[in-house]
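To start, the structure itself, in structure tokens.
The values are calculated or read from the model by the stated rules, or taken from the named source; none is laboratory data. All values reported here derive from a predicted model rather than from experimental measurement. Every residue, glycine among them, receives a Cβ derived from its backbone with ideal geometry; neighbour counts consider all protein chains shown. Just the protein is used for accessible areas: all its heavy atoms, side chains included, with ligands, DNA and RNA removed. Shrake-Rupley method; radii C 1.70, N 1.55, O 1.52, S 1.80 Å.
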Amino acid sequence: MLAESDYVVVALPLTSATRHIIGEPELRAMKPSAYLVNIARGGLIDEAALVRALSEGWIGGAGLDVFEQEPLPPDSPLWELENALLSPHVAGFTPHYDDRAVTLFAGNLSRYLAGLPLQNQVDKKKGY
């Protein structure tokens, strides 16, 4: 699928099974015109391999709002790459975020007090 895609969007949880799920082999499999977008967790992409891929033209570009080290260090080569679009990790913030968060919290508080299962629980065995 990587070889056929114009855009690859990474939206996975970061677990031991998904760390560096996109590395050199995956980047080399992509089209030279393809763009990689990571909106999930920085550790999903081997950042050193991504820098090489962008510098050497293995892929067309990348859009990143997460990085292996956050904040992204000032000396990261990603800052200098014209084919890397970097932005803050704020995609989930909307004018409705606070109201929705309060609604979820209040609902879970009611569930907790009633002895009911909570919504949006983390499965610690799965890691997300």
Please name which of Tyr97, Pro73, Ala34 has its Cα lying farthest along the dipole of the chain towards the positive end, using unit charges on Cβ (Lys, Arg +1; Asp, Glu -1) and the Cα centre as origin. Tyr97
Per the 1/(1 + (r/R0)^6) rule, R0 = 22 Å and r from the Cβ atoms of Thr15 and Gln121, FRET efficiency to 0.05 is 0.85
To the nearest 10 degrees, how steeply does helix 47-56 sit against the main Cα axis of the chain, on a 0 to 90 scale? 40 degrees
Which net charge results when you count Lys and Arg as +1 and Asp and Glu as -1 among the other residues whose beta-carbon is under 13 Å from that of Pro88? -2
Taking Cα atoms only, helix 97-113 is inclined relative to the longest principal axis of the chain by an angle, in degrees rounded to 10, of 50 degrees
Roughly how many Å² is the accessible area per residue of the chain, as a whole number, for a 1.4 Å probe? 68 Å²
Under the rule of -39500 (n - 2.57) per DSSP H run of 4 or more residues, summed and divided by the residues of the chain, what mean residue ellipticity at 222 nm is obtained, to the nearest 500 deg cm²/dmol? -8000 deg cm²/dmol
Relative contact order computed over the chain (Cα-Cα under 8 Å; 6+ residues apart), in percent: 22 percent
What does the convex hull of the alpha-carbon atoms of the chain project to on average, in nm²? 9.9 nm²
